[in-house]
Each structure stands twice: as structure tokens, then as C-alpha cells.
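What follows is a short report on a single structure.
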Amino acid sequence: MRLKPDPDCLVRALESTGTAPGDALMIGDAPRDLAAARAAGVAFLGYGRNERKAAALRAAGLEAEDMVDSLRDVLK
């Protein structure tokens with residue numbers, strides 16, 4: 001097993017559920033999560049729970065509209 005940013009764990013999860021990358025969404029809080037999602041062709045929602053996490057995701061190229069600062073926003 002390879003660790004993120006290698007998409008191996010994400011690809012295996014998709015394969016185990018029979019889910020196409022275009023039908024999936026990965027939520028993550030680190031640039032390595034974003035890189036894995038992009039490499040696997042999976043949509044990504046950034047979880048910037050504090051300014052340090054949000055800044056790291058922005059520095060990795062994530063747009064503000066693709067990020068939340070609370071997972072409560074996901075449940076709405």
C-alpha cells in the first residue's frame with residue numbers, strides 16, 4: 001500500500017465499491033489529499049478547519065469555493 005499523495009488508497013476504495021471516479025467526492029484537509037484526488041480524477045472538497053489548513057490548501061491550488069471551514073456545511 002502506498003500513502004497519499006499517491007492515489008493508491010483512493011483508487012482501491014473506488015474499485016472496492018464499484019464507483020467511478022466521476023461519481024465520487026473526496027473531502028480532505030491537506031494538500032496531499034488534494035493531490036491524490038486530482039491524480040485519481042475525483043472531485044475534491046477542502047476542509048479548511050482553521051486558517052493554517054485553509055492556507056495550505058489554497059497554496060496547493062484549491063479555489064475558495066471548493067473549501068468549507070465546517071463539515072456542518074456539507075450536511076446542509
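Some points to look at:
- The chain - percent of accessible surface contributed by carbon and sulfur, probe 1.4 Å: 53
- Residues with amide H under 5 Å from that of Met67, placed H, sequence gap 5 or more: Gly46
- Cα gyration tensor shape of segment 28-76, rounded if a/c is under 1.5, else prolate or oblate by comparing a/b with b/c: oblate
- Linear extension gain, Ala39 paired with Asp8, 0.36 nm per residue minus alpha-carbon span: 10.2 nm
The values are calculated or read from the model by the stated rules, or taken from the named source; none is laboratory data. Keep in mind it's a predicted model, so treat the numbers as computed, not measured. Quick note on the areas: whole protein, heavy atoms, side chains included, nothing else; ligands and nucleic acids left out. Shrake-Rupley method; radii C 1.70, N 1.55, O 1.52, S 1.80 Å.
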